[in-house]
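The next block holds one structure in the form of structure tokens; read it before the comments.
Bear in mind that the values in this text are calculations on the coordinates, not laboratory data. If you're wondering where the values come from, they're calculated on a predicted model, not measured in any experiment. Methodologically, a virtual Cβ is constructed for each residue, glycine included, from the backbone with ideal geometry; neighbour enumeration extends over all protein chains shown.
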């Protein structure tokens, strides 16, 4: 009989602790009103995880996300991968020397961890654990000790709580402080941080920037908080725009605008190059 419940009563941390201590084998599914996730375990070790309802092949997308494949390469591989499992695709890529076996292992491992860490911030959702249910043999599974996952997930949960206190409202806009170009040249930013920088504009809310870059609430809060602490950006204090109902349809559908300040600097060329990777 499957174990069922709600995260309000039994958190992700408690579930993983139970699976770890009991050395359980099976798949844990979690469903909220808007999201879903699945995690699979073998004898208490995390071996696989994914978000949404995608249970098809997506190794090429994982390798693209980790920077091992360009978007063009990933698209070509996906278009020719119909009917092939992740293991088969991985074998073909290694044989063709597009990636190494270690590239695949590290990319899949990080994708699994990134998926699971997001679940620590879910405060509500229906969960179900099906014993002995595992992914099919075509998937690439990587055994990961749950102790380290639980410790890092708990740390991120505490960080998430702090970030929510520091940045409770994602519908505010940002602008650069004085001389942002000089500051940016002296700071090492990740690819995701550069992409956020490119959308800093008084017309773009933090939520819009997150959506444009496919970032979760936790990820955008962490990046923006770091930029605020570094003195790169500040909140826009100008009056709020007119209510939504007074805006024209064309304005409501307009996407977030890249920052003019960045476009005028050498930094934008770096951003464009990163986007083309």
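General remarks:
- Our estimate of slack between residue 65 and residue 228, defined as 0.36 nm per intervening residue step minus the Cα-Cα distance, is 56.1 nm.
- Segment residue 106-residue 207, extension gain: residue separation times 0.36 nm, minus the distance between their alpha carbons: 33.3 nm
- Over all distinct Cα-Cα pairs of the range 1-129, the Kirkwood formula returns a hydrodynamic radius of 15.9 Å.
- Anisotropy class of the range 85-209 from Cα gyration tensor, a/c 1.5 cut: oblate
- Ascending count of other beta-carbon atoms within 10 Å, so fewest first, for 193, 72: 72, 193
- In plain terms, the residue of 130, 178 with the fewest other Cβ atoms within 10 Å comes first and the most crowded comes last, giving 178, 130.
- Which of 4, 118 has the fewest Cβ neighbours within 10 Å, and the rest in rising order: 4, 118
- Residues of the range 193-230 with amide N under 17 Å of a point placed 7 Å along Cα→Cβ from residue 32: 207-208, 210-211, 214-222
- A Förster radius of 41 Å, combined with the Cβ-Cβ distance separating residue 8 from residue 95, puts the computed FRET efficiency at roughly 0.25.
- Computed E for residue 214/residue 178 - FRET, C-beta separation, R0 30 angstrom, nearest 0.05: 0.50
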